[in-house]
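> So that we are looking at the same thing, I have put the structure below in structure tokens.
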Amino acid sequence: MIVTGSAAVVVAAGPASSAAAATVATNSKFVPIASVSDMLVNPARKRVLIADGQNGRLIAADYNGSLYNLVTGLPGIGGLALSADSATLYAAVAKRNAIVAFDTATMAETKQYPLPSIAQPKTLARVGGTLYFGYSGDPEVTSGGNFGSLNLTTGAVTGGLHKGSIHDAPQLLTAPGTSGRLVLVDRSSNATTGGNMFVYDVSGSTPALTASETTGAGFVRDAALSTDGSTITAVGSPCRTFVAPVANPHQRTDAYEQLCDGTTVDIDQDDDRVALGYGSTLSVYPAGSSTAEQSYTLPAVRTGDAPDLLDAVVSEPGGPRLFAVSHNARSEFHLWALNQPPKIVPVITLTAPATSPYGSPVTITGTITGVPAGTTLFVHRDGPTSSQGLPQAVVDAEGRFTVTDTVKSGGDTIYSFSYMETNTIASAQAKVTVAIGKAPVTLSVYPASATVAYAKHTIVNVKVSGGLVPGEVVEIWSDPYGADLPPKLVHRESVSASRGVGTVIVPTRNLGLTVKYLGTAATAPASARAFIYSKVAASTTTSRQYKTANIGSVSYIHFRNTVNPYFTTTMTANPGRKARLLFEVHSGGTWKPWKTVDTSLNASGKSYYTLTGTHSTGVFYRVRPAYLTGTSGDSLNYTTYGAYRYFTFTK
């Protein structure tokens, strides 16, 4: 359920099938290439486009795999990208040091964008009116790879947009759901950079790096983005297939049955299905599932040969087909058209209020795709009240329907809308839950989070939403950090017409506050959390000095260089707690760390330290006490630094 405001929206389709036995692929077509540099589908022309960098060829085939066009004279051709209207194809041609444009209707070359100062463009990705290209050979990048941009309106070229290390031209990833995001993937086997990923925001005038993965977590052979651009799926080595959030690409999670020897991955930009190629097998996973819905095994095209091995796979935009390219031991390449259109899969979308007052009508609206007008959907109610008397939903010419129902019992009520399978249309079901009954209440706690001095009187106010309801009570519970003190009720108050409740907290350690609204016959219980972080009391004094005097505007404690200073630290006591003394020395015009000492506090909250050693004269020092959460023996209080004491040594 997706809830926005008071509306709950649910999208559901026909049920996914369980993992199926592998289907032996058929109807392959020979293609005259020696490599696969890139591959994409032009849905407007219903063409499969394949770049062959080794032979300098560009292949255009129809959806059956039959050759339609063959363009030669493109040495080192690599990445491919389509214009927004699919009328123009752009190709990175490394050994021309250029990006070349083609008319997709005729495959005739229409324009060349030279890149005079940047060698060997190899990968492409279009974002709006800008074409980004990955390249190698930039002499200013010692590791050999970077990316640049080409403004398709002005022809302006900018290179060197990445300020880090990439080996060879990076793979460039974009997704329709995030037009301002570009992901770079180092697919090299370089021991230092291989598998690194970089995420750029390209919505502004200059690309801005927003996230990266540079931990050397394993090589990547191929990667793809989810439709909304939030997730990277990749195949690589060591033996793993993984997913990672684009916002944190270093958080790699093994996925898709831990498939080994993965060579290619593609994510359908219509429904987020994932196609993974490994060896001679191609597996297809529905969005969000780790179980393959389809699996294809490539056979040997020639009798007696070993099965073909996959090189690349790409999905048909707006359609179910998958296109794969493979090769055999003879270095012969084949194009496979897989997954012919199945039954129409209707999608039901429901919109209903998340809650409804007792006795009020509940109106559920929805749409369904792929079914004719006049279709009747079966509606079922599951909850405190049976489905008796519930009207059915009739679909209009635009696929819309409306059902109004009145439930006379409180509690969660689930409405299910179902379409029964036919010869050409699959079944579909969607559900939405409406909470009938009590009104919700919202609690606002002020402050929601605060850091205060030790034992400082802190006012906590609670605001209760809505109008006055008889019998409303709010409780405030304090839960001190540490296992030695349990949660404690510190305040209980009836809610007045002002809708406010308040109390004073005197924290001596960090506190978690739980505010509980107990609910009434008309309102639901509610709770909210707040946190008060208490510092400790911390100070340091000295003894054995012979005087205190200002040096400039700063008061300094003066010691003879024959005396070892004695420091007494006073800090809020707790069993096992330590005070840290942070000594600094003034050198080169700035204060620098000099010495760190941890001293154990006694039961009175005092610790002692004698500074021994040879004491240089004319050197300025300062020291302050510190309590560090998690380091000073416990985590009961907030990290606290005491005041500096300045001192020096004289003869």
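The values are calculated or read from the model by the stated rules, or taken from the named source; none is laboratory data. Just so it is clear, the model here is predicted, and its values are computed rather than measured. Note that each Cβ is placed from the backbone with ideal geometry, even for glycine, and that neighbours are counted across all protein chains shown. The area values use the complete protein model at the heavy-atom level, side chains included, leaving out ligands, DNA and RNA. Shrake-Rupley method; radii C 1.70, N 1.55, O 1.52, S 1.80 Å.
> Using a basic spin-label model with each label point 7 Å from the Cα along Cα→Cβ, how many nm lie between T406 and T363?
Result for the modelled spin labels: 1.5 nm.
> Please give the net charge around A217, taking every other residue with its beta carbon less than 12 angstrom from that of A217, where Lys and Arg add +1 and Asp and Glu add -1. Before the final figure, lay out each step's value.
Values: positive: R240, R252; negative: D186, E213, D254.
Surrounding charge for A217 is -1.
> Okay, moving on. Got a number for the accessible area of C260? Probe 1.4 Å, square angstrom, nearest 10.
50
> Also, quick follow-up: How many percent of the accessible area of region 187-286 is carbon or sulfur, using a 1.4 Å probe?
48
> While we're on this one: Hey, what's region 297-452 come to in accessible area per residue, 1.4 Å probe, Å²? Let's see the in-between values first.
Numbers: 7330 Å² over 156 residues.
On a per-residue basis, region 297-452 sits at 47 Å².
> Let me ask another. Kindly provide the pair-distance distribution of the chain built from C-alpha pairs, with 10 Å bins from 0 and whole-percent values in order of increasing distance.
Pairs per bin, as whole percents: 3, 12, 15, 15, 15, 16, 13, 8, 3, 1, 0.
> Considering only protein heavy atoms and a probe of 1.4 Å, how much of the accessible area of region 406-469 is carbon and sulfur, as a whole percent? Let's see the in-between values first.
Values: 1810 of 3300 Å².
The computed percentage sits at 55.
> Continuing with this model, one more query. Distance in nm between label sites at N561 and M420, each 7 Å beyond Cα in the beta-carbon direction?
Label-label distance for N561 and M420, simple model: 10.2 nm.
> Looking at the square roots a ≥ b ≥ c of the eigenvalues of the Cα gyration tensor of region 39-83, which shape do they give, rounded for a/c under 1.5, prolate if a/b is larger than b/c, or oblate?
Values: a/c = 2.48, a/b = 1.50, b/c = 1.65.
Judged from the Cα gyration tensor, region 39-83 comes out oblate (a/c at least 1.5, b/c at or above a/b).
> Moving on to the next point. Would you mind computing, in nm to one decimal, how far apart the modelled labels at R544 and L518 are, each placed 7 Å from Cα along Cα→Cβ?
Roughly 6.2 nm, to one decimal.
> Rounded to the nearest 10 Å², what accessible area does R126 have for a 1.4 Å probe in the complete protein model?
The accessible area of R126 comes to roughly 70 Å².
> Before anything else, pin down the relative contact order of the chain: Cα pairs under 8 Å, at least 6 apart, normalised by residue count, whole percent. If you can, show how the numbers build up before the last one.
Numbers: 1813 pairs, mean separation 51.5, N = 651.
Value for the chain: 8 percent.
> Here is a further query. Enter the accessible area per residue of region 583-651 (Å², integer; probe 1.4 Å; all protein chains in place). Don't skip to the end; give the middle numbers.
Numbers: 3520 Å² over 69 residues.
I get 51 Å² per residue for this part.
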